[in-house]
Amino acid sequence: MDAIEVEGLEKHYGKKIQALRGVELRVRRGEVFGLVGPNGAGKTTLIKALVGSLRPTGGRARVLGLDPLKERGKLRQRIGYMPQSPVLYDDLSAQDNVAFFGRAHRTADLRRRVREVLEFTGLEERAKDPVHTLSGGMKNRVSLACALVHEPEMLFLDEPTAGVDPQLRSRFWEQFRKLAGGGATLFVSTHLMEEATLCDRIAILHQGRVIAADSPRRLLQRGKTRLIVERDGRREERLIGGRPEDLAEALKAYGLAREISALSVEADSLETVVLSLIGEEQR
Ligand SMILES: Nc1ncnc2c1ncn2[C@@H]1O[C@H](COP(=O)(O)OP(=O)(O)OP(=O)(O)O)[C@@H](O)[C@H]1O
């Protein structure tokens, strides 16, 4: 059984807005799965449907084999959810916020566990300060600590590094990898391509539909590579496919003759590939 199984999932908001239009998706256990898409693509709506905080208008979703709505109580014990904007009690300390979430999940050995997650998220020094005195990045860390306190098997992170500086972002990703290394499944939404490349697999969500799902490496191979060769002082540029085999094939034509003085390749970035897949869909 996969960690997430979604078939034909739909969500309408009123009559006009169709946020999800038949989403098909499977996420394997233990993988870091990225949900990539532009503003308004439906990422938050999909995550809310998967954690059971929103009722879809059609289709089917299973998370850890459970129905997110009918078995919400059971599911909430086994998943962690970090919403897009931290939902914290501003007057309580970081430590008390984490303890509150831990108690709500009936976490065993709560004091030890709160200490552990505060250490994991690097918050020990500010643990006793009220949340309203913390910086935005620190609040994000408190929110992550709250999502982790009950040792969930699966974590839903909705743009966890939005507004977070590059240093903290790379720290967050180190932690995500550690969690996956410990066997957890991570479902992370992002519109940052450098983050998407850190995932095991990603799905591109566009106007409420998954238009591609694969590993970042395989998606990159769908892009084009520019082969630039300087021969006898002249610059030649050829557009080839993105697979290593395509490069080998293109180089055969040159046999690397002596007069070739320089050779370089420029591959499409993941961002370019994602944008061109979205562009193809719109045509
Ligand atoms: N409660 C709501 N009522 C009406 N429309 C909504 C509601 N929530 C979301 N929408 C609409 O549904 C669509 C998908 O929104 P959603 O927030 O899921 O996108 P997103 O991919 O998470 O975007 P972003 O990257 O900007 O957070 C948008 O058109 C949005 O305006």
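The values are calculated or read from the model by the stated rules, or taken from the named source; none is laboratory data. This structure is a prediction, so every number in the text was calculated from the model and none was measured. When we count neighbours, we look across all protein chains shown, and the Cβ atoms used for this are built from the backbone with ideal geometry, even at glycine. The accessibility values were calculated without ligands, DNA or RNA, using every heavy atom of the protein model including side chains. Shrake-Rupley method; radii C 1.70, N 1.55, O 1.52, S 1.80 Å.
Some notes on this structure:
- Any chance GLU119 is within 22 Å of ARG177 (Cα to Cα) and in the same structural domain as ILE204 (by the TED database): yes
- The numbered conditions (1) over 30 Å from TYR13 (Cα atoms); (2) among the hydroxyl-bearing types (Ser, Thr, Tyr); (3) in contact (Cβ under 8 Å) with a residue 60 or more places away in the chain are all true for THR185 except (1).
- Any hit, the range 11-27, residues being touching a His at 6+ places or on another chain (Cβ under 6 Å) and in contact (Cβ under 8 Å) with a residue 60 or more places away in the chain: yes
- Qualifying residue in the range 82-104 (condition: of a type outside the set (Gly, Ala, Ser), more than 24 Å from GLU125 (Cα to Cα), open to solvent by 20 Å² or more (accessible area, probe 1.4 Å) and outside any loop (DSSP other than H, G, I, E, B)): no
- Qualifying residue in the range 157-173 (condition: free of Cβ contacts under 8 Å to residues at least 24 places away in the same chain, open to solvent by 70 Å² or more (accessible area, probe 1.4 Å), under 17 Å from the mean Cα position of the chain (by Cα) and under 30 Å from ARG26 (Cβ atoms)): no
- GLY8 being in contact with an Asp or Glu (Cβ under 9 Å, 6 or more places away or on another chain), more than 12 Å from the ligand (Cβ to nearest atom) and closer than 30 Å to VAL131 by Cα: no
- Selection of the range 147-156 for residues being open to solvent by 20 Å² or more (accessible area, probe 1.4 Å) and either assigned to a strand (DSSP E or B) or without any contact (Cβ under 8 Å) to a residue 60 or more places away in the chain (or both) yields only GLU151.
- GLN95 fulfils the conditions (1) within 30 Å of GLY14 (Cβ to Cβ); (2) touching a helix residue (DSSP H, G or I) at 6+ places or on another chain (Cβ under 8 Å) except for a single criterion, (1).
- Counting only strands (runs of 3 or more DSSP E) that sit wholly inside the range 1-65, those with at least 1 residues that are under 27 Å from LEU270 (Cα atoms) and under 20 Å from the mean Cα position of the chain (by Cα) are 4-13, 17-27, 32-36.
- Some residue of the range 28-49 being in contact with a Leu (Cβ under 9 Å, 6 or more places away or on another chain), more than 26 Å from VAL274 (Cα to Cα) and within 14 Å of the ligand (Cβ to nearest atom): no
- Filter pass, ARG141 being assigned by the TED database to the domain that holds THR185 and either of a type in the set (S, T, N, Q) or assigned to a helix (DSSP H, G or I) (or both): yes
- Just one of the listed residues (ALA250, ALA213, ALA267, ALA262) is surrounded by 15 or more Cβ atoms within 10 Å (Cβ to Cβ) and without any contact (Cβ under 8 Å) to a residue 40 or more places away in the chain, namely ALA250.
- Which listed residue, of LYS178, LYS224, is among the basic types (Lys, Arg), modelled with pLDDT of 85 or more and touching an Asp or Glu at 6+ places or on another chain (Cβ under 8 Å): LYS224
- Only one entry in ARG243, ARG283, ARG231, ARG238 is open to solvent by less than 90 Å² (accessible area, probe 1.4 Å) and of a type outside the set (Phe, Trp, Tyr), namely ARG231.
- Of the residues making up the range 186-193, at least one is modelled with pLDDT under 90 and in a loop (DSSP other than H, G, I, E, B).
- Only residues that are small (Gly, Ala, Ser), outside any strand (DSSP E or B) and under 10 Å from the mean Cα position of the chain (by Cα) were counted in the range 194-213, giving 1.
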